[in-house]
Structure formats: C-alpha cells, structure tokens
Amino acid sequence: MKLNDEEQDILAGKAGSLPQQALQHQIKVGDFFGAKDLVPVTQAHIMADTESLGEAGVQWLEGLAATTEGQRRVRIPTITDPRGTDFAKADLLGQTSAMLDLERRAIAAFEKLGVAMTNTCINYQTIQPPTRDEHTAFGDTGVVIYANSVCGARSNFEGGPSALSAGLTGRTPRYGFHLPEQRRGTVRIQVDHTPSSLNGWGALGGVIGRLAGNYWAVPVIEGFEGAPRSDQLKHFGASMASFGSIALYHLAGLTPEATRLSDIADTNLPVHRVTKADVEALQKSYHTDDTVDVVVFSAPQLSLYELGDLASLCDGRKFSVPMLAVTSPQVKPDSDRIGYTARIEAAGGHVLSGMCFYQSYAREISEARGWRRLATNSAKLVNILGGYGYRPMLASMEACVDAAVSGRLVRT
Amino acid sequence: MSEQIFRARHAMGPTVRGPALVANDGFSARYDLDRIKGIFSRPAHKLAGKSYVGKILVLDTAKGGVATAWMLHEMKSRSIVPLALVLNSVNPILAQGAALGDVAMLAGFDEDITAAVPDGAEVEVNPAEGWLKLI
C-alpha cells in the first residue's frame, strides 16, 4: 500500500505507539483487500459492546489506554455504538455485576482514548449525518448502510478495532465502498408495493438482503411510491444489512447517487421481482408461537417519532408481559421531557437508553429472565436472536403492544 | 496420494492444518455461534449443533454485523476458535477480525470452495502462499 510522508512517519512510530499499531492493523486489512492507499476520514463510530469484546477485548483496550497521556487520543471525532447495558435497568435485564464491571472498564478505557461515549446506533439521526461523498469509518451495519445509501457518504463496515484505528490515524484503507466503481449497482430489484409499517419495511429489506446475498452486492431498487421516511429506511437498511451483509443500496430516483438509473447501474443488469407475498412469507416464517414472554422494540434504537407512536399505543393499556423500548441517550431526555416515557411506563413498559437488546448479553438475559418467545417489530432483531436461543416473532408495533397486554400475538 | 490445491485471491494469517467443516451457508460469529459451547447454534444454519473448535471452516460468505471483528479475538483467548476461515467471499468485518485475532483466512476462489472441499477432509491452509490443499 502506498503511504504518504505523514503515514510513513506514523508507521515508523514518530506519532506514538498507538497510531503506529493502528496503522499496522489497517495495512494488514488493506493489503488483504488490495487497497492501493489510505483515504482521510472525518469521523469514526465504534461498535464495542462487552459481550463481543469479552475479557480479552477489554484487556486489549485497557492496554491501549495505558499509553502515556498526550499520546493516546483519537485525532478525529470518534463515537460509540450502544453499550451492553443501561446501568439503570440492569436488574430488569437480569445482568450480573461481572457484566456491569466489564462495561465500566471498557468505558473508562475508551474515555482515556478520547472517544465520545454516544452509545447510539442511530447517530445519523441523533449526532451528525454524514454528507454526500464524505469518507467515514462507521461501525454498526445499520449505520453504514444508511450513511452510504441515504446520505451518499462512503464507508465500509468498520468493526470495532478498525474504527478505533481510523480514529487514531484519521484515515482508513481505500477499498470497497470508498471507491466509485464499487458503488455501482450489481442487481436490480423491482418491488410491487411500498410498505407502510416499520416491520414491513424491515421484512422487505430482509428479502432483498437474502436475494442480493453478500457484502459486495449493491441492489438498485425500483417501484416505491413517494418518499420514504428516515425511520422506514432505518429499518429497511438495518434489516438488509443484517440478512445480507449489504452495505449500500440505491433507490432509483430517490437516493443521492441514483437520480437517474443510468447513473449507477447498467441497464442490462438482471432484474428480480420482489412481491408483497415474498415479504409476508418472511414475516410468517417467524410466527412460530401464539404466546409471548417479552416484547422488545430495539435494533435500531427508537427515534423520538417512534417513541411518540409507541406512547400513543400505550395510552389506557396495562401490560401483562414485560415490554422494553430501547432508545439512544440523545433521544431519551426528549422522550422524558415531552412525556412519552411516562406514558409508556404508565402501561407497565420500560424505556431503556444507550444499549441495544441483542448487544446486551441476550443469551444470558433469556436464561436469567426466562424470556424465549419474543415479539418485536424489528426484522433485524428476529434475524439475530435465533442463534441466541430465542423464538423471535415479527409483527407490527400495534400487534406487539397488543401482545404485551394479552400475552398473545395475533397471527396476521 | 495426489494433492489438490485451490488458490485464493485474498489471504492472511498463519499456516494451519486440520479437519474441514464444510457447508454452503454463511458465517457470523454473533448470529450463528454459541461461543460458550463452541458450536453452531442458529437453528437454520446447515452446521447447527456442530462444533467449530479447531476446525477449518469452509463456508460461502460473510453474513450479518460487525461483532465478529471482536469475537474472533475473544474466542481465541479462550481457545474456542476455528483454526481457519475459508470462504468464497468475505466482508471487511471477517478480515478485520482475523487481523486482530491472528486467525488464518482465505477468500476468493475460481471455484465454489464449499463444493470443492469434502466435509471432514484433512486440509492445509497456507495464507503466505495463498492456497488451500487437500491432504
């Protein structure tokens, strides 16, 4: 990989041991993908829940943080994905003191490195959305696909170690979706309907993700009526990224790089039709039970608008099974101040902040609380939780709230 | 006995030798594994219930999210880790995880590697030279 003078100095250790170590990691990854050089990035976003890190990962972070003050700080704005807990709600989740101690150690290490603990997977809604052609190093697949597709920014999936490396060096290997030629469509998708519900958007994203198949595929989607809202594309993209590891899609005539289909795709690409029946089949495949142990709204964290909708559905209801709604630390104060939190809690629900359900020791939560049959409106969440021992079921926000009241999920 | 060699376009990590665990399915450490028991745990995965520890995993493509970038390192610290990952295609997360965890990885073959390598075969993975060999 070609390095400029500054990068050669970093590699030689002249900027300190941390940037040197970070650049060595980046060169290893860049060489693997044939990157020719590095590209400066403006912001980094680190996924680092402690279930993923484990003791080994936290010790690794603490080793970095032990570097002398003045030589260990990130050089660009660097923020974090959700933590593995909401400390105020840890008892509700059945989390142990060992889990919380590990979280505290990870947070302390990140703070020493100069990382801002935003703890959000919706930073494009709550912190600062990137602009078109802005090169970033974002973690969390939902963040990357939204930034690339809806904002027209340029990022690969950057796992925690690589996003932190980008924060420390201010650059990342130039491969994948940093390259214009990689951003062209590889498959055309013709849809026959425009979903209205968030679970419908998520299920459609899941069908397209499965169909497209791998990280290097770029679906170009045609057939939507009107302009989708941010929350709809949030669920759509997060699910597509989850089911298919997709990092970029284009909506013909809607997203920034796809004003004209010919701008981003050859007209002779294969066309696949995705029907409403395909979407309903995916949703029904997860409806494996009629009773639920817990209802969860999470993955991605809820926006203020989603919490407002949820609060309206909670008015006058009384839950018989636990109902958890997970949002970001940026949205939670507004939800509290406006009164959404109180209305959800009045029905017996819980509003959690700064975590995401599947990133919070989901297996251990299930065992501690006896939660297995889980209803949610997040297609991403149902795709993930099967491996954690759950029977996840996908339904509308309205049906999930009804299930929290009755303990039964009505088949649709 | 004749040896069959498959060359990869992308490679990193140490040379290893061991039994292949093969399926035409995807891979994500978070989505697919019980990392405590060391088995595939997603019910729909073609390797559900099988141990991945010490195996050379031969799979189709990377799936899911970014957690694998940490999890390979974490699994290696407890010696509950695949010996190598061999895939038709990978995403950046698997490569980043292999780089941090120093796990052998090959990706990008001219043939479908999941069809070329028999399940249970003894194989050698040599990233420095970019090949997998059936022993």
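The numbers here are math on the coordinates, done by the rules we state, and not lab data. Just so we're clear, the structure is a prediction, and the values are computed from it rather than from any experiment. Neighbour counts run over all protein chains shown; Cβ positions are idealised from the backbone, glycine included.
Using a ≥ b ≥ c from the Cα gyration tensor of region A:242-348 (square roots of the eigenvalues), is it rounded, prolate or oblate, where a/c under 1.5 gives rounded and otherwise the larger of a/b and b/c decides, a/b for prolate?
Since a/c reaches 1.5 but b/c is at least a/b, the shape of region A:242-348 is classed as oblate.
On a C-alpha basis, how far is the centre of region A:1-75 from the centre of region A:355-410 in Å? Whole number, if you could?
Measuring centre to centre over Cα atoms gives 36 Å.
Once a ≥ b ≥ c are taken as the square roots of the eigenvalues of the Cα gyration tensor of region A:5-179, is the result rounded (a/c under 1.5), prolate (a/b larger than b/c) or oblate (a/b not larger than b/c)?
Oblate is the answer for region A:5-179, as a/c is 1.5 or above yet b/c matches or exceeds a/b.
How large is Rg over Rh for chain A, taking Rg from the Cα atoms and Rh as the Kirkwood inverse mean of 1/r across Cα pairs?
On the Cα set of chain A, Rg over Rh gives 0.98.
Write out the trypsin sites (Lys or Arg not before Pro) in region A:1-99 meeting two conditions: DSSP loop, and at most 14 other Cβ atoms within 10 Å of their Cβ.
Sparse-neighbourhood loop trypsin sites (Lys or Arg not before Pro): A:Lys2, A:Lys14, A:Lys36.
Based solely on C-alpha atoms, express the radius of gyration and the Dmax of chain B in angstrom.
So, for chain B, Rg and Dmax equal 13.2, 41 Å respectively.
Nearest 10 degrees is fine. How inclined is helix B:68-77 to the longest principal axis of chain B, computing both from alpha carbons?
90
Which listed residue (A:Gly316, A:Gly354, A:Met393) has the Cα farthest towards the positive end of the charge dipole for region A:286-406, taking +1 on Lys and Arg C-beta and -1 on Asp and Glu C-beta about the Cα centre?
A:Gly354
Which residue, B:Leu94, B:Leu47, B:Leu57, has the most motion in a Gaussian network model of chain B that connects Cα atoms within less than 10 Å?
B:Leu47
Can you tally the net charge around B:Phe109? Count Lys and Arg as +1, Asp and Glu as -1, for every other residue whose Cβ sits under 10 Å from the Cβ of B:Phe109.
Summing Lys and Arg as +1 and Asp and Glu as -1 gives -1.
Tell me, how many Å apart are the Cα centres for region B:24-40 and for region A:135-193?
25
All other residues with a Cβ under 14 Å from the Cβ of A:Thr376 taken together, and with Lys, Arg as +1 and Asp, Glu as -1, what is their net charge?
That works out to -1.
Which residues in region A:386-401 place their backbone N less than 20 Å from a point set 7 Å from the Cα of A:Glu280 along the Cα-to-Cβ direction?
Within reach of a label on A:Glu280: A:393-400.
Treating cross-link reach as a plain straight distance, find the aspartates and glutamates whose alpha-carbon is under 13 Å from the alpha-carbon of B:Lys46, omitting any fewer than eight places away in the same chain.
Cross-link targets: B:Asp25, B:Asp32, B:Asp60, B:Asp119.
Helix B:92-101 versus the longest principal axis of chain B: what is the Cα-based angle in degrees, 0 to 90, to the nearest 10?
The helix B:92-101 is inclined about 90 degrees to chain B.
In Å, what Kirkwood hydrodynamic radius results for region A:286-406 from the alpha-carbon pair distances?
Roughly 14.1 Å, rounded to one decimal.
Among the listed pairs A:Lys234/A:Lys276; A:Lys112/B:Lys37; A:Lys276/A:Lys318; A:Lys284/B:Lys55; A:Lys28/A:Lys89, give every one whose C-alpha distance is greater than 28 Å.
Result: A:Lys112/B:Lys37; A:Lys276/A:Lys318; A:Lys284/B:Lys55; A:Lys28/A:Lys89 exceed 28 Å.
Would you mind working out the magnitude of the charge dipole of region A:184-276 relative to its Cα centre, with +1 at each Lys and Arg C-beta and -1 at each Asp and Glu C-beta, to the nearest 20 Debye?
Once rounded to the nearest 20, the dipole reads 180 debye.
Of all DSSP beta bridges in the protein assembly as shown, what percent run antiparallel (nearest 5)?
Restricted to the protein assembly as shown, the bridges split so that about 30 percent are antiparallel.
Give me the net charge for the shell around B:Leu83: Cβ to Cβ below 13 angstrom, other residues only, Lys and Arg +1, Asp and Glu -1.
Cβ neighbours under 13 Å give a net charge of 0.
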